[in-house]
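Working notes, beginning with the structure itself.
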Amino acid sequence: MANRPLFVPVTTPPFVKEISVEFLWHAGMSASQKRKSVRSLHDAATELGLCNRPLEISGVSELLLGTSLSAFSLEVAFGGDPRRLECVFQAAKKFENGGPYMDLREVEPRDAKRDERLNTSGELVAFEVYGTSYPLVPTTAFYDFLYLLGLTQNPELAVPLVEFDGFTDIQFNPERSLNCQARSAAMFVGMTTAGRATNGLQFADFITNWN
């Protein structure tokens, strides 16, 4: 058995609720094994009445919408031409001894995430895009902002997303990571349901909506 979070949209800030769900884990690194775990997680969540239509957002999702919404696939135009979100996020990291490493916008998402400079440049102090600095607090705010911005720029993905009421990322482990694409997606649905406009999204407005 294992526990993973289910992210459920809500209509009050911060527009997402995280619920830990216990389910049968299928060991193995293959996509087929991960998909079995996703099915087990979704079955457990629906049987508990936590959601009716869950969506896995990752590269192993069984739905094209879920794979397209992965941070490795979703593109966002922020401080330049559209680039895959994972690359934009990693490139914006400003450390005490280096960064931001804007060249990471141009590489493959997996390479951007694993770039050794991200681990050898000291403590993370901010996010910075072309001279504009963005704070580390609230903890996941910058990542969530990028994700929501990407959705507003890709309505063909945003429109069908609101038909789902629970979101997972089987590869996200809250004990190892902070940011999660499934959480950001749930937040978008929560904000949309609450009538909080996200078109023309600006970071300052997003932080105001957060509270």
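The values are calculated or read from the model by the stated rules, or taken from the named source; none is laboratory data. This structure is a prediction, so every number in the text was calculated from the model and none was measured. Please note: Cβ atoms are built from the backbone with ideal geometry, for glycine as well, and neighbour counts cover all protein chains shown.
Counting the residues of the range 143-165 that are surrounded by fewer than 17 Cβ atoms within 10 Å (Cβ to Cβ) and within 11 Å of the chain's Cα centre (by Cα) gives 0.
Being surrounded by fewer than 16 Cβ atoms within 10 Å (Cβ to Cβ), in contact (Cβ under 8 Å) with a residue 40 or more places away in the chain and either over 29 Å from residue 2 (Cβ atoms) or among the hydroxyl-bearing types (Ser, Thr, Tyr) (or both) holds for only one residue in 140, 168, 193, 208, and it is 193.
When the range 76-85 is filtered for residues that are modelled with pLDDT of 95 or more and buried (at least 16 other Cβ atoms within 10 Å of the Cβ), the ones remaining, listed by number, are 76, 83, 84, 85. Of the residues contained in the range 53-62, one or more are found to be within 15 Å of residue 166 (Cβ to Cβ), buried (at least 17 other Cβ atoms within 10 Å of the Cβ), touching a His at 6+ places or on another chain (Cβ under 6 Å) and not hydroxyl-bearing (Ser, Thr, Tyr). Being within 22 Å of residue 163 (Cβ to Cβ) and within 16 Å of the chain's Cα centre (by Cα): is that true of residue 16 here? In short, yes. For the range 171-190, a residue qualifies if it is surrounded by fewer than 16 Cβ atoms within 10 Å (Cβ to Cβ) and part of a helix (DSSP H, G or I), but none of them does.
Against the definition (buried (at least 17 other Cβ atoms within 10 Å of the Cβ), among the aromatic types (Phe, Trp, Tyr) and out of contact with any strand residue (DSSP E or B) (no Cβ under 8 Å at 6 or more places or on another chain)), how does residue 130 come out, yes or no? Considered against the rule, which asks whether it is buried (at least 17 other Cβ atoms within 10 Å of the Cβ), among the aromatic types (Phe, Trp, Tyr) and out of contact with any strand residue (DSSP E or B) (no Cβ under 8 Å at 6 or more places or on another chain), residue 130 comes out as no.
Checking each residue in the range 86-125 for being surrounded by fewer than 16 Cβ atoms within 10 Å (Cβ to Cβ) and of a type in the set (Gly, Ala, Ser) picks out 98, 122. Please go through the range 137-160 and pick out each residue that is part of a loop (DSSP other than H, G, I, E, B) and either modelled with pLDDT of 95 or more or under 16 Å from residue 16 (Cβ atoms) (or both). Correct list: 138, 139, 140, 154. Exactly one residue out of 61, 68, 121 is more than 18 Å from the chain's Cα centre (by Cα), modelled with pLDDT of 95 or more, over 17 Å from residue 143 (Cβ atoms) and not acidic (Asp, Glu), and it is 121.
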